[in-house]
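Below is one structure; the comments refer to it alone.
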Amino acid sequence: MAFTPEAGGFYVGDVFRGADEACRARNAQLIVIQDAIGWQAAVFHPDPIDDYLRIAEDVRDGVMAVTSVLPANNLPRLARLKAPAVAIGGPAFDERGASVVIDNVGGAAMAVEHLIGHGHTRIGFVGAMDQFDVRQRYESYLATLERAGITPDPALCFAAQDDLSEGGRQAAEAILEAGVPLTAIFASTDTQGVALMDRLREGGVHLPEDVAVVGFDDSELAQAAVPALTSIRQLPESLGSRAATLILDAIDGRPLEPGAHVIPTQLVLRHSCGCYDNYQHLLEAAADWNGPDWREQLANVLAQALMAATMPAADPIDRTHFWPSVNVVVEALDDAIRGRRVTRISALDEAWWEASMRTRNAETLLRLVDLLEFVALCRQPDAGADPQALRSKLRDFLAQSRLQILRSAAIPDPLRLPTGPRSTRSILRSFLEDRGGKRQSLDWLEHVDAIAGCLALWEPGADGRAALRIEALYGATGGTQGGGTIAPEAFPPGHWRDACRSEGEPCAVMSVPVISARRNVGVLATAMPAERRYYDGYWNLQHAAAVLALELDTRD
């Protein structure tokens, strides 16, 4: 069971993708309870979440919550839950609790030390100080300067209204108004850092010549920024995976160790600090690329390099599970450097698609191709081979691999697969057609690729507490009509949860609040494919739930 005010996008979406995978590996079902409509409601309207904490209590074996994005006044409520509990990315529920956190202190220290290594002493800080992670990064920023003999200057610290683009632009405006009194900036998030750089460039500041910038997250934005943003890589998937594993171990009888379990970070060098990209370590992997077992070694190095973009190096790797098709890539390379025609083209395409599903970090994927090229150049050609023919085959193989990576990266892009408009149109059509008194239809869930859906509306219960009335069903349970009242503790219904399976495994369930400006209308539980659940599928579901709330509210 997981509680969160949002469940998608970078960071939170990656957290739950990691938790999801850990649960599926142990044949456990993850139920994500969203208690507000995204971060906006959590920040600006932190309503009590007591009724949402009741959801699925009857089947709750363990609890985790993303406390870094929860209002602080909810922590005492979470501490009262009776189950093994782990906080993610923020403080534990109470002083005896367990949490899994990013190494904010070590990551911030790496960022500041790197800027000091470039010769900077006037280093600024940008961050939304009300957030747990940001406060830790700020305190480490101060301590790192002091260790280097640099007295922190309060005038170089710029508090932002949020950790998003507006906060970065706001900080950049303040820096420009102050006459750019610094030569380097540590931005507490990539989103702030990219927006800050954009505004500084508009203001005539040259980056990194006038001002060097380092961010924190290593999100997709960092790769696409101009200049590319040097950043501290955190691995949100590991937060979710570690939290879920701790809870599952506790359910199996292993004591839950209290205190903070820290996930390490990594400095990723790009251009915004004045560095070139640094990935020489991939090409220096210790191996005899002419030895008899070179294929096995290369498959391991490729899988480990891919894994490094999603989890700490200390985590064990099962290559056959993490990247099952890596051997297809190695075999195709072997064909190319022997001058043979690569015949398993569709299998090679699927192998790169499989890798792209593991990480959205295009830099990592393209560097894998660089590693393949390096290994090919290290290999001694067979006796009598035509060097020109070998070079031609190798060039074709490398070019096709890079092209397939770019294709795969484009496939899940929600801008190319917009389902929000279709789901909105379907809901509105359902509203117009149902004026005759029919129950609400959930057929529009097909536009967000949902496997199943269950809509329940809040109403007064017999015991004076809120209850849920099942309004509509969709998908796996067969049929669309609901009916009957259920206690939140038993929602979603057991038969519906049992039917939510994908390829024989239990499918994670996401419970989304349906809220209008006037009231909490209901709760929509959905099961979606894992590859869509926490990214474009999640945001389309939020969009649809908002329209659904307006529709249901209008009927009253």
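The values are calculated or read from the model by the stated rules, or taken from the named source; none is laboratory data. Predicted model, so just to flag it, every value in this text is computed and none were measured. Note that each Cβ is placed from the backbone with ideal geometry, even for glycine, and that neighbours are counted across all protein chains shown.
Residue pairs, Cβ under 6 Å, 6 or more apart or interchain, first in region 446-472 and outside any strand (DSSP E or B), second among the charged types (D, E, K, R) and crowded, with 17+ Cβ neighbours inside 10 Å. List them.
Here the result reads Asp449/Arg532, each pair linking region 446-472 to a residue that is among the charged types (D, E, K, R) and crowded, with 17+ Cβ neighbours inside 10 Å.
Filter region 106-142 down to residues that are in a loop (DSSP other than H, G, I, E, B) and not hydrophobic (A, V, I, L, M, F, W, C) and give me whichever is nearest to Gln266 (Cα to Cα).
His118
Between Phe125, Phe93, which is farther than 30 Å from Glu209 by Cα and either touching a strand residue (DSSP E or B) at 6+ places or on another chain (Cβ under 8 Å) or of a type outside the set (Gly, Ala, Ser) (or both)? Quick ask: steps written out before the conclusion?
Numbers: Phe125 fails: farther than 30 Å from Glu209 by Cα.
Going through Phe125, Phe93 in turn, the sole match is Phe93.
Under 8 Å between Cβ atoms, which residue pairs at least 6 apart in sequence (or on different chains) link something in region 23-45 that is assigned to a helix (DSSP H, G or I) with a partner that is modelled with pLDDT under 60 and surrounded by fewer than 17 Cβ atoms within 10 Å (Cβ to Cβ)?
Ala41/Asp47
Take the conditions of a type in the set (Gly, Ala, Ser), under 22 Å from the mean Cα position of the chain (by Cα) and under 19 Å from Ala111 (Cβ atoms) and apply them to Ala222. Does it pass? Give the steps one after another, and end with the answer.
Values: of a type in the set (Gly, Ala, Ser): yes; under 22 Å from the mean Cα position of the chain (by Cα): yes; under 19 Å from Ala111 (Cβ atoms): yes.
So Ala222 passes the test.
Would you check which residues across region 87-142 are closer than 12 Å to Phe186 by Cα, in contact (Cβ under 8 Å) with a residue 60 or more places away in the chain, crowded, with 20+ Cβ neighbours inside 10 Å and not aliphatic (A, V, I, L, M) and list them?
Gly107, His114, His120, Gly124, Phe125, Gly127, Arg137
Could you grab me the full set of residues in region 199-230 that are part of a helix (DSSP H, G or I) and either out of contact with any strand residue (DSSP E or B) (no Cβ under 8 Å at 6 or more places or on another chain) or free of Cβ contacts under 8 Å to residues at least 40 places away in the same chain (or both)?
Arg199, Leu200, Arg201, Glu202, Glu220, Leu221, Gln223, Ala224
Please enumerate the residues belonging to region 340-381 that are in a loop (DSSP other than H, G, I, E, B), under 30 Å from Gly13 (Cβ atoms) and hydrophobic (A, V, I, L, M, F, W, C).
Residues of region 340-381 in a loop (DSSP other than H, G, I, E, B): 340-344, 359-361, 379-381.
Remaining after also requiring under 30 Å from Gly13 (Cβ atoms): 359-361.
Within region 340-381, none qualify.
Output the residues belonging to region 143-169 that are in a helix (DSSP H, G or I) and either touching a residue at least 12 places away in the same chain (Cβ under 8 Å) or touching a Lys or Arg at 6+ places or on another chain (Cβ under 8 Å) (or both). Walk me through it before giving the result.
At the first step, the residues of region 143-169 found to be in a helix (DSSP H, G or I) are 143-147, 154-156, 165-169.
Answer for region 143-169, where residues must be in a helix (DSSP H, G or I) and either touching a residue at least 12 places away in the same chain (Cβ under 8 Å) or touching a Lys or Arg at 6+ places or on another chain (Cβ under 8 Å) (or both): Ala143, Thr144, Leu145, Ala155, Leu156, Ser165, Glu166, Gly167, Gly168, Arg169.
So that you can scan it fast, the table gives a plain yes or no per residue for (1) closer than 18 Å to Asp334 by Cβ; (2) at pLDDT below 85; (3) of a type in the set (Gly, Ala, Ser); (4) surrounded by fewer than 18 Cβ atoms within 10 Å (Cβ to Cβ):
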| site | (1), (2), (3), (4) |
| --- | --- |
| Ala351 | yes, no, yes, no |
| Ala362 | no, yes, yes, yes |
| Leu365 | no, no, no, no |
| Asp370 | yes, no, no, yes |
| Ala385 | yes, yes, yes, yes |
| Leu398 | yes, no, no, yes |
| Leu406 | no, yes, no, yes |
| Asp413 | no, yes, no, yes |
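Taking Val514, is it farther than 26 Å from Asp61 by Cα, modelled with pLDDT of 85 or more and touching a strand residue (DSSP E or B) at 6+ places or on another chain (Cβ under 6 Å)? Spell out the reasoning first.
Working: farther than 26 Å from Asp61 by Cα: no; modelled with pLDDT of 85 or more: yes; touching a strand residue (DSSP E or B) at 6+ places or on another chain (Cβ under 6 Å): yes.
No, not satisfied.
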